Amino acid sequence: MAYASASRRLLNLPPSQRVTFFTSTRGFSVLNRPPPNYEGHVPLNVFERGALAAGSAVMSLLNPRRGDLIAALGETTATPYFIYRLRDAMLCNPTGRRILRDRPRITSKSMSVEKLRALPENTVGQAYMDWLDREGVSPDTRDSVKYIDNEECAYVMQRYRESHDFYHALTGLPVFVEGEVALKAFEFANTLLPMTGLSLFAVTRMKPAERSRFWHTYLPWAIGNGLKSKEVINVYWEEELERDVADLRAELGLERPPDLRDTRKTLREQRKTAKEKSEKMSGLMADSP
């Protein structure tokens, strides 16, 4: 009787949920792996997921330029709760629901570089292109999602991943470690994805002055703005390209942090000036009788 009741409840589920149920509950091994739920999907059992999460966490800390490891860490730690929470946040928002329905992709093919460059100054599209050019980044560098079982949640992760450069453009934070960690802290407060929080361990790779600047300036900015601003996953970037970037920040409730590149440049100039003064004083003292 209990088996029959459980079977009826399972048959009442939508087909997509039935697939997820079987994928998550049926035992499997490397030689007995269930079929993929979407193109490129790689089903993992609990042990494989845990091992991949641990391995990618350690190796990405040792080599933060390995985007594939960071991507694997993001996917293996996002389930079973966090990516569903982010998907539900999109379903609760009218724009988020349209994004889930339309499934837009952010690539160099879907966004014309020539049109973006022709946009007026201070627009979202121009800010995005300026940031890509300045940092030497392409929208085609994002790996495809493959370790999240639910197909819709896999798209949510892909959307977050492809929107990451827009978050950079909106905040002005650069791609080197100090800027990336600051942006990841903002994303953690805004999205709750574990990988973004785990990325804060990269603070250990910073120089003492950078760590001090992060703890006293950029972490407070990241947590405060991440919590108070609207969920950035619900921004339909393709429809905001011609909008004034300051207006979009105001609508989201997002304040731009101090320019990190300018801050570092000013400090370098100050150190250079101090060094030149010190050398000059040493020369005068050496010439004095």
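The values are calculated or read from the model by the stated rules, or taken from the named source; none is laboratory data. All values derive from a computational prediction rather than experimental measurement. Ideal geometry is used to build each Cβ from the backbone, glycine not excepted, and the neighbour counts take in all protein chains shown. To get the accessible areas, we keep the full protein, side chains included, count just its heavy atoms, and leave off ligands, DNA and RNA. Shrake-Rupley method; radii C 1.70, N 1.55, O 1.52, S 1.80 Å.
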Exercise for the section: Find the residue count for the range 96-135, including only residues that are more than 16 Å from TYR167 (Cα to Cα), open to solvent by less than 80 Å² (accessible area, probe 1.4 Å) and part of a helix (DSSP H, G or I). Expected result: 7
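Where in the range 136-247 are there helices (runs of 4 or more DSSP H), lying wholly inside it, with at least 1 residues that are under 30 Å from TYR38 (Cβ atoms) and of a type in the set (Asp, Glu)? Show your work before the answer.
Numbers: elements: 151-171, 177-191, 194-198, 208-213, 219-228.
So the answer is 151-171, 177-191.
Kindly provide the set of residues from the range 30-50 that are assigned to a helix (DSSP H, G or I) and either of a type in the set (Phe, Trp, Tyr) or surrounded by 11 or more Cβ atoms within 10 Å (Cβ to Cβ) (or both), ordered by number. Spell out how you get there, then give the answer.
Within the range 30-50, the first condition is being assigned to a helix (DSSP H, G or I), and the residues that meet it are 46-50.
Residues satisfying the conditions are PHE47, GLU48, ARG49, GLY50.
Kindly evaluate GLU162 against the criterion of being surrounded by fewer than 22 Cβ atoms within 10 Å (Cβ to Cβ), more than 16 Å from ARG256 (Cβ to Cβ) and within 9 Å of the chain's Cα centre (by Cα).
It is true that GLU162 is surrounded by fewer than 22 Cβ atoms within 10 Å (Cβ to Cβ), more than 16 Å from ARG256 (Cβ to Cβ) and within 9 Å of the chain's Cα centre (by Cα).
For the range 51-65, how many residues meet the condition of being loosely packed, with under 15 Cβ neighbours inside 10 Å and within 16 Å of VAL177 (Cβ to Cβ)?
Our first condition is that a residue be loosely packed, with under 15 Cβ neighbours inside 10 Å; within the range 51-65, this holds for 51, 54-55, 58, 62-63, 65.
In the following step, the residues that additionally are within 16 Å of VAL177 (Cβ to Cβ) were identified as 62-63, 65.
Summing the residues that are loosely packed, with under 15 Cβ neighbours inside 10 Å and within 16 Å of VAL177 (Cβ to Cβ) in the range 51-65 gives 3.
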Exercise for the section: Look at the range 200-256 and say how many of its residues are among the β-branched types (Val, Ile, Thr), surrounded by 15 or more Cβ atoms within 10 Å (Cβ to Cβ) and farther than 23 Å from MET157 by Cβ. Expected result: 3
Fill in the blank from the handout: Every listed condition ((1) of a type in the set (A, V, I, L, M, F, W, C); (2) open to solvent by 30 Å² or more (accessible area, probe 1.4 Å); (3) touching a Leu at 6+ places or on another chain (Cβ under 9 Å); (4) under 28 Å from VAL177 (Cα atoms)) holds for LEU91 save (4)
